[in-house]
Amino acid sequence: MPPHKPTTTIPHPEPATAALPTFTGYRDLLGLVRQLSSLGGCAQPIRLEGHRTEINAFTGEILRELKSKKLPAGHLLVRCGNRRTTRCPSCAELYRQDTYHLIAAGLRGGKNIPDHVATHPRVFATLTAPSYGPVHGRRVNGSARCRCGRTHTKGDPLLGTPLDPERYDYTGAVLWNAHAPALWARFMLHLRRALAAAAGVPQRLLSKIVRVSYAKVAEYQQRGLIHFHAVIRLDGPAGPYTPPPAWATPELLADAIRHATTRAHIDGPEINGRTRSFAFGKQNDTRIIRSSAFQAGTTITEGKVAGYVAKYATKGTDAATGTLDHRLKKITELWSESVPEHAARMIRTAWALGARDDLKHLNLRKWAHMLGFRGHFSTKTRAYSTTLGALRAARAAWRRRHTPPPSPTTLVLAHWAYHGTGLTPDLERLAALIGGPAHPEAVTPDA
């Protein structure tokens with residue numbers, strides 16, 4: 001009989017105490033929880049240092065004093081306000097909600113916009129980029145095969161990438177993104193010309209009869225090219241407060257948009273002996289917006305449009321192409337980033353074009369992480385509706401109404417300076433555990 005071997009003892013894993021957050025250095029743990037709760041889940045809060053002192057103006061007595069060093073976190077923490085979901089989901093969600101109300105106010109009234117604006121002609125337009133080479137894609141029904149012979153599923157990393165990267169026009173794609181804002185401006189010029197022709201007046205007199213208001217967002221397609229979603233509305237001479245003339249119908253506006261889309265064109269630079277020019281692609285869409293009272297089937301209503309536009313207001317290149325959400329100081333930094341090859345080639349192309357003297361005005365190296373696009377993601381005309389600043393001011397006014405104001409005889413001295421962005425790893429873990437909405441007694445620079 002073979003000798004008996006002792007049973008092997010299975011070692012018990014040691015608790016990973018090093019990975020657990022430690023808060024022994026914080027004296028006021030309850031206050032720390034309250035301070036982090038006031039951020040409402042902000043992932044990258046701004047750290048401020050300074051003080052706020054309330055003094056009796058007659059006696060010189062210090063009534064209240066707030067110093068950043070004495071706060072539980074050692075700094076005054078305020079929300080970052082970043083609109084990108086990849087940087088801060090909480091602040092991006094607030095931005096999305098604000099954008100929704102901004103778009104909706106221009107469609108059905110509210111926020112100091114009259115309700116009768118819902119009777120004005122309104123069109124939802126999507127303007128796309130042209131093709132710079134065949135790419136992997138899916139048909140509308142999701143069953144038709146791609147040119148490569150495969151049927152791609154939703155989320156396939158090949159979607160939007162070139163079938164033949166060596167023959168794909170990366171230079172044209174990057175320059176299209178760089179010239180997209182100027183092309184939109186040219187489109188608006190042709191739209192006003194078309195409306196002036198319909199009215200039978202010179203373009204310079206059009207604003208005395210009808211005004212064009214719009215709100216738009218820029219979205220990246222999976223192939224890395226910008227296209228625009230826009231709500232375009234016709235108003236009277238005083239904007240949303242006056243109705244447009246009877247001849248200004250939704251059908252006329254839709255026809256004018258289609259005409260302006262085909263006419264918009266701008267000349268670009270000469271690259272390797274080839275003069276570039278830029279226009280919109282062929283897959284554009286123009287739909288009349290109907291009131292929700294007439295909703296039926298696939299009717300485009302105010303709520304649908306506002307939600308659709310607001311959804312894209314918080315997205316960047318990272319959402320569609322998997323590329324960067326921050327700038328590059330050197331192109332060598334790209335090597336350490338996890339970026340798909342298609343997006344990386346567009347970034348390298350933008351960086352190379354940025355070295356050309358005749359393209360300096362495009363700032364392509366500064367916007368290489370944006371694949372050359374250098375415009376704002378969300379823009380509107382002044383008369384379309386309220387502004388994001390007005391919505392933020394309304395929230396600040398609400399907080400002030402719910403905060404006891406200082407006495408009229410109180411002198412307030414305050415100074416705050418930027419110290420940094422983000423939390424320590426331990427505070428990040430604690431903030432993630434807390435989450436939740438902003439605390440009603442949040443400490444802010446106005447506190």
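The values are calculated or read from the model by the stated rules, or taken from the named source; none is laboratory data. If you're wondering where the values come from, they're calculated on a predicted model, not measured in any experiment. Neighbour counts are summed over all protein chains in view; Cβ atoms, including those assigned to glycine, are modelled from backbone coordinates with ideal geometry. SASA here: full protein model, heavy atoms, side chains in, ligands and nucleic acids out. Shrake-Rupley method; radii C 1.70, N 1.55, O 1.52, S 1.80 Å.
Below is a table of values for the structure above.
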| read-out | value |
| --- | --- |
| Tally of residues being out of contact with any helix residue (DSSP H, G or I) (no Cβ under 6 Å at 6 or more places or on another chain), within 30 Å of Leu175 (Cα to Cα) and outside any helix (DSSP H, G or I) across the stretch 232-267 | 4 |
| Residue, nearest to the chain's Cα centre (by Cα), within the stretch 80-99, restricted to residues that are without any contact (Cβ under 8 Å) to a residue 60 or more places away in the chain and buried (at least 19 other Cβ atoms within 10 Å of the Cβ) | Asn82 |
| Selection within the stretch 204-215 - touching a residue at least 40 places away in the same chain (Cβ under 8 Å), open to solvent by 20 Å² or more (accessible area, probe 1.4 Å) and more than 30 Å from Val174 (Cβ to Cβ) | Arg211 |
| Number of positions in the stretch 234-276 that are surrounded by 15 or more Cβ atoms within 10 Å (Cβ to Cβ) and acidic (Asp, Glu) | 2 |
| Test result for Val117, under 22 Å from Trp351 (Cβ atoms) and in a helix (DSSP H, G or I) | no |
| Selected residue (criterion: most open to solvent (accessible area, probe 1.4 Å)) from residues of the stretch 365-385 that are of a type in the set (A, V, I, L, M, F, W, C) and within 20 Å of the chain's Cα centre (by Cα) | Trp367 |
| Options Ala182, Ala218, Ala279: the member that is open to solvent by 40 Å² or more (accessible area, probe 1.4 Å) and of a type in the set (Gly, Ala, Ser) | Ala182 |
| Close pairs from the stretch 148-164: first surrounded by 13 or more Cβ atoms within 10 Å (Cβ to Cβ), partner hydroxyl-bearing (Ser, Thr, Tyr), Cβ under 6 Å, at least 6 apart | Pro162/Tyr168 |
| Selected residue (criterion: surrounded by the most Cβ atoms within 10 Å (Cβ to Cβ)) from residues of the stretch 15-64 that are among the basic types (Lys, Arg) and at pLDDT 85 or above | Arg52 |
| The stretch 279-318: number of residues that are at pLDDT below 70 and assigned to a helix (DSSP H, G or I) | 7 |
| Leu191, sole failed condition from (1) touching a His at 6+ places or on another chain (Cβ under 7 Å); (2) within 22 Å of Gly281 (Cα to Cα); (3) crowded, with 17+ Cβ neighbours inside 10 Å | (1) |
| Test result for Ser338, closer than 23 Å to Arg83 by Cα, open to solvent by 60 Å² or more (accessible area, probe 1.4 Å), of a type outside the set (Val, Ile, Thr) and in a loop (DSSP other than H, G, I, E, B) | yes |
| Options Pro425, Pro408, Pro404: the member that is open to solvent by 70 Å² or more (accessible area, probe 1.4 Å), touching a residue at least 24 places away in the same chain (Cβ under 8 Å) and farther than 30 Å from Gly106 by Cα | Pro425 |
| Residue in the stretch 341-364 that is farthest from Pro269 (Cα to Cα), counting only those that are free of Cβ contacts under 8 Å to residues at least 40 places away in the same chain and buried (at least 20 other Cβ atoms within 10 Å of the Cβ) | Ile347 |
| Residue count, the stretch 342-374 (criterion: in contact with a helix residue (DSSP H, G or I) (Cβ under 9 Å, 6 or more places away or on another chain) and part of a helix (DSSP H, G or I)) | 17 |
| Condition met for Ala260 (over 25 Å from His369 (Cβ atoms) and touching a residue at least 12 places away in the same chain (Cβ under 8 Å)) | yes |
| Cβ-Cβ under 8 Å pairs, at least 6 apart or on other chains, the stretch 130-141 side in a loop (DSSP other than H, G, I, E, B) and modelled with pLDDT of 85 or more, far side open to solvent by 40 Å² or more (accessible area, probe 1.4 Å) and of a type in the set (A, V, I, L, M, F, W, C) | Gly133/Leu163; Pro134/Leu163; His136/Cys148; His136/Leu158; His136/Leu163 |
